[in-house]
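Visitor: The structure that follows is given in the form of structure tokens.
The values are calculated or read from the model by the stated rules, or taken from the named source; none is laboratory data. In this text, all values refer to a predicted model and were calculated from it rather than measured experimentally. Virtual Cβ from ideal backbone geometry, glycine too; neighbours counted across all protein chains shown.
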Amino acid sequence: MAEPTPEDSVGLVTPQVFRHRDSFALASGDTLPQFDLVYETYGALNESRSNAVLICHALSGNHHAAGFHAGEEGKPGWWDNCIGPGKPIDTNRFHVVSLNNLGGCHGSTGPTSEDPTTGQQYGPNFPTVTVEDWVRSQVLLADHLGIEKFAAVVGGSLGGMQALRWAIDQPERLHSAVLIASAAKLSAQNIAFNEIARQAISSDPRFHQGKYRELGENPDLGLMLARMIGHVTYLSDDGMRQKFGRELKSGQFGPGRDVEFQVESYLHHQGRSFSQRFDANTYILMTRALDYFDPARDFGDDLPAALAAARCKFCVISFSTDWRFSAARSKEIVNALISAGKNVASAIIDSEHGHDSFLLEIPRYFDVLSGYLNRIVMEIDDAP
């Protein structure tokens, strides 16, 4: 018998699989002979099929955004605090679709999948994918689900980049785009952090040029270091000081004595856990997609020109202590949208938690998101 779930939860959910059995051309020039996308849905699709919301995940996210899987009732989806009955993304009002991106390692076709042309795992031979590829694959999923237009495409960090790409590439297929803690392109510093993480992985002796699974090994140390590097950049100095300070986990100060600080123990735990649940080739693929994203590149580095085709409304949210995707980067998007004559609402949320703020239940943040999406509900309800 299943354990009871909270009243504001979408409850037990079962992942589904969309199988695209035709070839799929990628922006790189490569072609996938076919692909699978794993997804979940929460809330009912209305009669006019106008209340669907697409959730785009960040670097290490997946399809399981809300609710619980059978046998794992204590482990809710990664955005469960935000998606559900009466929550900002209200499943009493919206039909929510959340998927694992193409190239992922949680069921969608990616480096851990079998290449049907060889019968072997793709591994490091899985082709490069871009945010544009993700959007086109998501469009195919929407077609499969009978959704002609999303009420909103919502994403944080890398997910926000996907929402922006949706607005540019599929202007008639979304009513609004919600970009949270995101950017129109990565800064040089962000690219540098991603490269350090990739080097940590590829330098692990057990990486074997990406063919570790063939040899029954895994670059645990490299993945652990990559996650530790990333995790530090997702937090703020103030947040880390308040959470950990200089508290010791073990040992005592003194000459020749080994001590472990609480923050060290925390990072070690996060890194070890991540190395057991995420694929190294996928991490490299996802960070490359982050690095390559730049919709203004094809428009002479003119972001307003890149946004000219967009027809949807926009909501852009950033956080005061996020230095990985700073409020200044969101302001660049807002300014470009204004220059392009688009309808945009924006907010900078005070938070001590850095980039990870977009995953947390911060009252002002949730009020802004709820208020915006409530307005979207009224607009789609009033539409002819």
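Visitor: State all residues of the stretch 361-382 that are more than 16 Å from V96 (Cβ to Cβ) and at pLDDT below 95; if no residue qualifies, say none.
Guide: Once the filter is applied, which keeps residues that are more than 16 Å from V96 (Cβ to Cβ) and at pLDDT below 95, the stretch 361-382 yields M378, E379, D381, D382.
Visitor: May I ask you to list the residues in the stretch 174-204 that are touching a residue at least 12 places away in the same chain (Cβ under 8 Å) and over 21 Å from the mean Cα position of the chain (by Cα)?
Guide: Answer for the stretch 174-204, where residues must be touching a residue at least 12 places away in the same chain (Cβ under 8 Å) and over 21 Å from the mean Cα position of the chain (by Cα): A200, S202, S203, D204.
Visitor: Which is under 22 Å from N100 (Cβ atoms), assigned by TED's automatic domain parsing to the domain that holds S326 and basic (K, R), of R165, R227? Break it down into steps so the answer makes sense when it comes.
Guide: Values: R227 fails: assigned by TED's automatic domain parsing to the domain that holds S326.
Only one candidate qualifies: R165.
Visitor: Okay, moving on. What are the residues in the stretch 312-334 that are without any contact (Cβ under 8 Å) to a residue 60 or more places away in the chain and in a helix (DSSP H, G or I), if any?
Guide: Scanning the stretch 312-334 gives A327, A328, K331, V334.
Visitor: Can you confirm whether G300 is on the phi > 0 side of the Ramachandran plot, at pLDDT 80 or above and of a type in the set (G, A, S)? Step through it out loud before you land on a result.
Guide: Working: on the phi > 0 side of the Ramachandran plot: yes; at pLDDT 80 or above: yes; of a type in the set (G, A, S): yes.
Judged against the criteria, G300 is a match.
Visitor: Take the stretch 246-295 and flag every residue that is among the aromatic types (F, W, Y) and either modelled with pLDDT of 80 or more or in the same structural domain as I333 (by TED's automatic domain parsing) (or both). Spell out the reasoning first.
Guide: Keep residues of the stretch 246-295 that are among the aromatic types (F, W, Y), which gives 253, 261, 266, 274, 278, 283, 292-293.
Correct list: F274, F278, Y283, Y292, F293.
Visitor: For the stretch 364-380, give me each residue that is acidic (D, E) and free of Cβ contacts under 8 Å to residues at least 40 places away in the same chain.
Guide: Restricting attention to the stretch 364-380, the residues satisfying the condition of being acidic (D, E) are 367, 379.
The answer is D367, and nothing else.
Visitor: So which residues in the stretch 157-188 are part of a helix (DSSP H, G or I) and aliphatic (A, V, I, L, M)?
Guide: Just the residues of the stretch 157-188 that are part of a helix (DSSP H, G or I), to begin with: 158-169, 188.
Correct list: L158, M161, A163, L164, A167, I168, A188.
Visitor: Is the stretch 352-375 home to any residue that is surrounded by fewer than 15 Cβ atoms within 10 Å (Cβ to Cβ) and over 25 Å from F94 (Cα atoms)?
Guide: no
Visitor: Within the stretch 85-100, take every residue that is assigned to a loop (DSSP other than H, G, I, E, B) and in contact (Cβ under 8 Å) with a residue 60 or more places away in the chain and give me the one that is farthest from V139 (Cα to Cα). Working first, answer last.
Guide: So in the stretch 85-100, the residues assigned to a loop (DSSP other than H, G, I, E, B) come out as 85-88, 91-94, 100.
Keeping just the survivors that are in contact (Cβ under 8 Å) with a residue 60 or more places away in the chain gives 85-88, 91, 93-94, 100.
Details: P85: 26, G86: 28, K87: 26, P88: 24, T91: 22, R93: 22, F94: 18, N100: 14 Å.
Top of the filtered list is G86.
Visitor: Kindly establish whether T109 is among the β-branched types (V, I, T), outside any strand (DSSP E or B) and in the same structural domain as Y372 (by TED's automatic domain parsing).
Guide: Numbers: among the β-branched types (V, I, T): yes; outside any strand (DSSP E or B): yes; in the same structural domain as Y372 (by TED's automatic domain parsing): yes.
Yes, satisfied.
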